[in-house]
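Nothing in this text is a laboratory measurement; each read-out follows from the coordinates by a stated rule. Predicted model only: the values in this text are computed from it and were never measured. Neighbour counts run over all protein chains shown; Cβ positions are idealised from the backbone, glycine included.
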Amino acid sequence: MDPQEDGDPGVGADVVVIREYQDSDYREVRGLLASGMGEYAPALCAHVLRQPWVLLVLSCTFCLLLASARSLLLPVLALTLLLAAGRQALTWAWGLYIARCLGEDLLDVRAAYAEEAGGRFWVAEAGGRVVGTVGARPARGEARELVLKRLTVRRGWRGRGIAKRLCRVVLDFARLRGSRAVVLHTVVVQRDARLLYAGLGFRPGRKCVCLLPYWPLPSA
Ligand SMILES: CC(C)(COP(=O)(O)OP(=O)(O)OC[C@H]1O[C@@H](n2cnc3c(N)ncnc32)[C@H](O)[C@@H]1OP(=O)(O)O)[C@@H](O)C(=O)NCCC(=O)NCCS
């Protein structure tokens, strides 16, 4: 496997430039975002497994099977199958979500984040490769709010402040265009992202039914 496949910084590739998206970035941007979102499938499974109602269903199933079969083998097998099926189903559902994202704004990045419509998309580039992305566009039904979207940093390039720089570009853009707030959605399992946003001053807002917290920013 290419050691730089995951984005391990090579020699001389440590200068990171933030610039606006170009059409030639299209494939790299989509690939980077798909793999960034894909990282969360295992964390999502673990999160669901920790939910009290899931634990209750699993325990009841185990006890019922144990009582009726009077052997440990059947309940252990059934539970293993149930867990494997649940993991597959969640991974599949998350894959559908990623495919949906790739078919929405990421299908035509330039059009979805067009300047004429008040949007903008940036990439972080290092050594000729795209190592980070972020987009911003007016919120639906609230043009004075800007939505920060598609923030991701290539694995080997994390922990160097790239995401913080990308977010600050969006915040500066929001101030420049006179936006009232910058808002974004994050999934409960995106721990690193939530720490990043909290550090930048984002405040948690109302939680959506689909477990997506909403974070309005006061300072933009
Ligand atoms: C979240 C993500 C964008 C962070 O990128 P990054 O370039 O590593 O982040 P930065 O180096 O700019 O870190 C900025 C802050 O984020 C927080 N943070 C980021 N990664 C962290 C980690 N692994 N542990 C703890 N805090 C972390 C810290 O507060 C950090 O500030 P500090 O360095 O002053 O402590 C990156 O992990 C990623 O791409 N994840 C997958 C995609 C994703 O979750 N996107 C967000 C969608 S809402």
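Roughly how big is region 26-107's charge dipole about its Cα centre, with Cβ charges of +1 (Lys, Arg) and -1 (Asp, Glu), in debye to the nearest 20?
The calculation lands at about 260 debye.
Note down the net charge around residue 107, summing +1 for each Lys or Arg and -1 for each Asp or Glu among other residues with Cβ under 12 Å from its Cβ.
Numbers: positive: 30, 100, 110; negative: 104, 105, 108.
With Lys, Arg at +1 and Asp, Glu at -1, the net is 0.
Using only the alpha carbons of the chain, determine the length spanned along each of the three principal axes and report them from longest to shortest in whole angstroms.
Principal axes ranked by extent give 69, 44, 30 Å for the Cα atoms.
Just round it to a whole percent: the fraction of Cα-Cα distances in region 58-125 exceeding 16 Å.
67
What per residue convex hull volume, in Å³, comes out for region 79-160 when only alpha-carbon positions are used?
So the per-residue hull volume is 161 Å³.
Tell me, what ³J(HN,Hα) does each residue in region 60-68 have, in order and in whole Hz, if you take phi through Karplus 6.51 cos²θ - 1.76 cosθ + 1.60 with θ = phi - 60° and put x for Gly and Pro?
Once rounded to whole Hz, the list reads 4, 4, 4, 5, 4, 5, 5, 5, 7.
Which one of 62, 146, 83 is farthest out on the positive end of the charge dipole of the chain, using unit charges on Cβ (Lys, Arg +1; Asp, Glu -1) and the Cα centre as origin?
62
Can you pull the three principal axis extents for the Cα set of region 148-208, in Å, largest first?
35, 27, 18
Note down, for region 109-200, the three equivalent ellipsoid semi-axes (square root of 5 times each alpha carbon gyration tensor eigenvalue), biggest first, whole angstrom.
22, 16, 11
Return the calculated 222 nm mean residue ellipticity for the chain, to the nearest 500 deg cm²/dmol, obtained by summing -39500 (n - 2.57) across DSSP H runs with n ≥ 4 and dividing by the residue count. Don't skip to the end; give the middle numbers.
Values: 7 runs with 100 residues, N = 220.
Taking each H run of at least 4 residues, the total per residue is -14500 deg cm²/dmol.
Place a point 7 Å from Cα of residue 18 in the direction of its Cβ. Which residues in region 99-128 have their backbone N less than 15 Å from it?
Counting only backbone N, you get 120-126.
Relative to the longest principal axis of the C-alpha atoms of the chain, give the angle of the C-alpha long axis of helix 26-38, reported between 0 and 90° and rounded to the nearest 10°.
30
Assigning unit charges at the beta carbon (Lys, Arg +1; Asp, Glu -1) and nothing else, what dipole magnitude in debye, to the nearest 20, does region 109-200 show about its Cα centre?
On the way: 20 positive and 7 negative charges, 62 e Å.
Here region 109-200 has a charge dipole of around 300 debye.
Over the chain, what is the percentage of antiparallel beta bridges among all DSSP beta bridges, to the nearest 5?
On the way: 23 of 26 bridges.
Once the DSSP bridges in the chain are tallied, antiparallel ones form about 90 percent.
So how far, in whole Å, is the C-alpha centre of region 48-88 from the one of region 163-180?
Between the Cα centre of region 48-88 and that of region 163-180, the gap is 48 Å.
For a quick check: with amide H placed at 1.01 Å from N, whose amide H comes under 5 Å from residue 154's, ignoring anything fewer than 5 positions away on the same chain?
For residue 154, whose amide H was placed from the backbone, the distant partners under 5 Å are 132.
Relative contact order, percent, of the chain when contacts are C-alpha pairs under 8 Å separated by at least 6 residues?
On the way: 284 pairs, mean separation 46.0, N = 220.
Contact order relative to length: 21 percent.
If you stretched the chain out fully between residue 175 and residue 49, how much longer would it get, using 0.36 nm times the residue separation minus the C-alpha to C-alpha distance?
Working it through step by step, the gained length comes to 41.2 nm.
Lys and Arg at +1, Asp and Glu at -1: add these up for the other residues within a Cβ distance under 15 Å of residue 205 and post the number.
Net of charged neighbours comes to +3.
Order the peptides 61-72, 130-141, 181-192 from the highest to the lowest mean number of other Cβ atoms within 10 Å of their residues.
Details: 61-72: 12.5, 130-141: 20.0, 181-192: 18.3.
Going by the mean number of other Cβ atoms within 10 Å, highest first, we get 130-141, 181-192, 61-72.
Using modelled amide H (1.01 Å from N, peptide plane; none on Pro or chain starts), what sits under 5 Å from the amide H of residue 114, excluding residues fewer than 5 places away?
Long-range HN contacts for residue 114: 119.
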